[in-house]
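The values are calculated or read from the model by the stated rules, or taken from the named source; none is laboratory data. Values in this document were obtained by computation on a predicted structure and should not be read as measured data. A quick note on method: Cβ atoms are made from the backbone with ideal geometry, for glycine too, and the neighbour counts reach across all protein chains shown. Keep in mind that these areas ignore ligands, DNA and RNA; they rest on the heavy atoms of the full protein, side chains included. Shrake-Rupley method; radii C 1.70, N 1.55, O 1.52, S 1.80 Å.
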Amino acid sequence: MKIENEQNTVAKSKKALLLTITGLAIVMGLAGCQKEGPAETAGKKLDRSIENAEKKIEKTAEQAEKKLDDAKKSISDKSETTDQYIDDSVITMHVKKALLSDSLLKAFQIKVTTENGLVHLSGTLDSQQSIDKAIEVATNQEHVRSVQNDLILDVNASSKE
């Protein structure tokens, strides 16, 4: 029985020693967690680098989006300018065709230009009636907003110009 008690005491002492060693290991482990080592420092630096990279990517994406919007606007503006040029060309063509179709005016060289729907007529005609008729013909064409008359009256002008 005495041996049995001694064995129990030794076993209890071993358990106590084991618990004490385990407790010390836990305490040291926790103390080590509080102190940053190279791995923790590197981890924090990596986290900051990732945040900075994300900010730069976001900023670059915003700049790219702005440039894309600017490019779209530029293309749209150029498209509108091209559309206006085509419209003006069509107006000029219709006015010239109408002037050449008129028996009173077809013998004269009347220069026609159009900008933003404003038709500009220039040249020399032999009568005020011819000038009035040219203005009337141009004004009556589709999409003509107004007519600028720079036609000159020359009573010596012949229809052979």
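From the residues in the range 122-161 that are acidic (Asp, Glu) and in a loop (DSSP other than H, G, I, E, B), which one is modelled with the lowest pLDDT? Checked the range 122-161; the qualifying residue modelled with the lowest pLDDT is Glu161. Residues in the range 113-123 that are within 11 Å of Ile152 (Cβ to Cβ) and surrounded by fewer than 21 Cβ atoms within 10 Å (Cβ to Cβ): Ser122, Gly123. Comparison of Lys67, Lys106, Lys72, Lys111 shows that the only residue that is touching a Gly at 6+ places or on another chain (Cβ under 8 Å) and either among the basic types (Lys, Arg) or at pLDDT below 85 (or both) is Lys111. Only one of the listed residues (Ile131, Ile110) is free of Cβ contacts under 8 Å to residues at least 24 places away in the same chain, under 12 Å from Ile152 (Cα atoms) and open to solvent by less than 40 Å² (accessible area, probe 1.4 Å). That residue is Ile131.
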